[in-house]
Structures are given as structure tokens and as C-alpha cells.
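One structure is given here, and the rest of the page talks about it.
What follows is calculated from the coordinates using simple rules that are stated; it is not laboratory data. Please read these numbers as outputs of a predicted model, since none were measured by experiment. Here the Cβ positions follow ideal geometry from the backbone for every residue, glycine too, while neighbour counts run over all protein chains shown.
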Amino acid sequence: MKNKIKKILLLGMTAMFTAGAAGTAVISCPVWADEAEQNSETAEEPKAEDAAVEEEIADQTDDKTENTDLKTVEHPRMSAYSIRRFSIVKDGEEVFQIKQEPADYKMDFDYWEITNPYDETATVNTENMYEMFGVLAAFDLSNGVDAANTDTGLDNTKTYFTVDFVNTVNDDTAKETQDADATATILIGNTDENGDYYACVKGYEEAVYMLSKESVNSLLELKPFNLILKIPALVNIDTLDSVDMSIGKKTYTMKLDGSDYKFGKKTVKKEKFTELYQALQSIMLDSEVEETKDAADKEEVLTVTFHRSTEEAPEITLKYFAYDDTYDSLEINGTERFLVKAEDVDALVKQIKKAF
């Protein structure tokens, strides 16, 4: 994993995390689902497109949604690569949202942002993301079932999936199209005797479908931490101005000054600069913080602030605090979310001091 991160941080070798390399089939126990969920079946990969399916999609009667150019789709069908935004609302509360947010300062695989429960600083593992999208792409929302006199639970449900997508099931077309042009909200109701879920598309509630318990549960029990790369931040070196590293009362600064690489006022070789720069972003996230400490009880170990060379790119501040004998906690731009190995932070502190 660390070698893979090196390639991302320094060389831009992003093939393993880009859409072109990511698989769409869902493994038997998807790594992005809650670890307690052990019964997921292999989902079908999106089938190869043919002209008949494309014609069916084009002929659907769509209505524009309020305040957007997206059209609501009665029978949503898509490629895993079609999806541009996906959210999960469970019992009336949004528990997850991921969306594509292209920007000039980002590398293409970093366009994706998990905006709930994280923010733009979390780096999405697109390989796992496309496995998750494969579940949505495999939903059959074309062949309804007879649900007359059945308590489907759909009338008052507060659990649903919303997906914005490019209205095609053709992988190549989806990859070549930047913006979504369609949207659908899939309402999730009660289960039948087999545990499978009644579902319908919002706005077209007269048609009821069955979705497998394995696919629906894998989304409802999704664990966002399993959808991110386990690095504290990804700051493209092409957008870097300088980095401040504070240890105790002393602050060290590394800076890109034209074609010069500087540690403080001293010019250093590119290899020495990039070695430390890589190390600053390579501490591996271990888990999420379950309980945070009061501010008065926190002992700061290291603060790293990335200053950017473009106003569009956000400044990122990483603060590491002593947590227990094994872990330090990590605060990113003011939000404490993750635990990292204390020994890794201690090693980084030593590396910084030695470099200067």
C-alpha cells in the first residue's frame, strides 16, 4: 500500500485508482460494507450495451427536477461508470453522500469527494467505490411485481437512495461524459418473507419492485471508512507553495521557490525534498476515533500545514495529538476523525528534525 501511495503522491501513476482500472463486480463480502455484514452475494456486472437498451433509455418519459437540469427517470438503468452522485438516507437521516467534483488542482482520480460523513480532504478509493456502484447498476427497476394488498412500507418510508447519473448503460459513453443528465430516488420499504426489499422509484410509486437483501443491506450497512485511501491527505505537489511543520515551539518550513527546493533558507536536492514531502502524507490511517478528548486534555505532537499555490485549492492542516499508548489522533482542518499509530508519528517527527 505504501508503494502505491508513493506513486500517487509523487509520480501521478494513478492507474490502479482510476475509473479505467477499477472493477465493477461486487465481491462476496464487499470491503466497503460494514464488517458485520457477511452475507453479500456477487452482484452482476453491468451488461454490455446494445442498441435496444439505449433506445429504451432515450424514449423514457422524463420530467425535469426542481432547480436542476437533471431529468427524473422512471426506469433507471446505468453503468457503474455513469454515476456522478450517490446518497443514502436511512430513517430520515442522510448517512452517506459521494459525488464527483472535478477541479483543475486535482488529479483525475481525486475528483471524487465523500461529503458525508467526511469532506473534500478524504481521498476516495475508487476501486472500492466502483464495486459499490456496481450494486446500483445491477438493480432491476424495470420488471415490477404484484404488490396489491401487501404492506410494502413504501408509502411512509424514510429510507432511500438517490443517484445522479449519465443516462446510459454503455461504459464507454459514461466515461466520456462528464456531467449527469438524469436522477432517480429509489425508495426502500419493508421486506418480504425472504428478507428481500420492496422498492419503487419516487414519482412513479405505482410500480413496485423487489431488490435483494444482499444488495440493499450492503448499501444500508456501508462503512465509509472502507471507501477511502488510508492516508491523511492528498496534496498534489504541483499545487504546493510551502509546508509548515510545528513540533513543540519550533516550526520547520519546506518551500517550492521557482525551480528551487528549500528547507528553511537552505536549498536542497529535489530527491531530499520529495522524500520528506511524501512522508508527510504517508502515515496510514488505522481507524476512526470513537471518543475524542476535551481540548484541555489534548497533547499536540505534530502539526503539518500545506499552503497551496492556487486560491482554488484548499489549505490543509493536519494535527496529531497523543491519544493512548498505541495511537495518536488526527485532526484534519479542525475535525478530529481518525487514529494513527503513535510510533509512525514519532518516526515522522524524527525524520523532520533530521532533515533540517
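Within a Cβ distance under 14 Å of ASP244, other residues only, what is the Lys/Arg minus Asp/Glu net charge?
In short, +3.
Set the Förster distance to 25 Å, then compute FRET efficiency between SER142 and THR115 from the Cβ-Cβ distance, nearest 0.05.
Numbers: r = 30 Å, r/R0 = 1.21.
The formula returns an efficiency of 0.25 here.
Tell me the volume per residue, in Å³, of the convex hull enclosing the alpha carbons of the range 108-243.
Taking only Cα atoms, the range 108-243 has a hull volume of 135 Å³ per residue.
Given the pairs LYS90/LYS341; LYS265/LYS341; LYS90/LYS298; LYS265/LYS353, which span a C-alpha to C-alpha distance of over 22 angstrom in this model?
The answer is LYS90/LYS341; LYS265/LYS341; LYS90/LYS298.
Let me make sure I get this right: for the range 237-355, a, b and c are the square roots of the gyration tensor eigenvalues over alpha carbons, sorted descending. Under 1.5 in a/c it's rounded, otherwise prolate if a/b > b/c, else oblate. Which is it?
prolate
Suppose the chain between THR173 and ASP346 were pulled fully straight at 0.36 nm per residue; how much longer would it get relative to their current alpha carbon spacing?
Working it through step by step, the gained length comes to 57.5 nm.
Which length gain, in nm to one decimal place, applies between LYS293 and PHE356 when the Cα-Cα distance is subtracted from 0.36 nm times their residue separation?
Between LYS293 and PHE356, full extension yields 19.5 nm more.
Work from the charge dipole of the range 237-355 (Cβ charges, +1 for Lys and Arg, -1 for Asp and Glu, about the Cα centre) and give the residue of GLN351, PHE338, THR317 farthest towards its positive end.
GLN351
Counting only the backbone N, which residues of the range 164-207 are under 20 Å from the spot 7 Å out from the Cα of ASP69 toward its beta-carbon?
Counting only backbone N, you get 164-169, 173-184.
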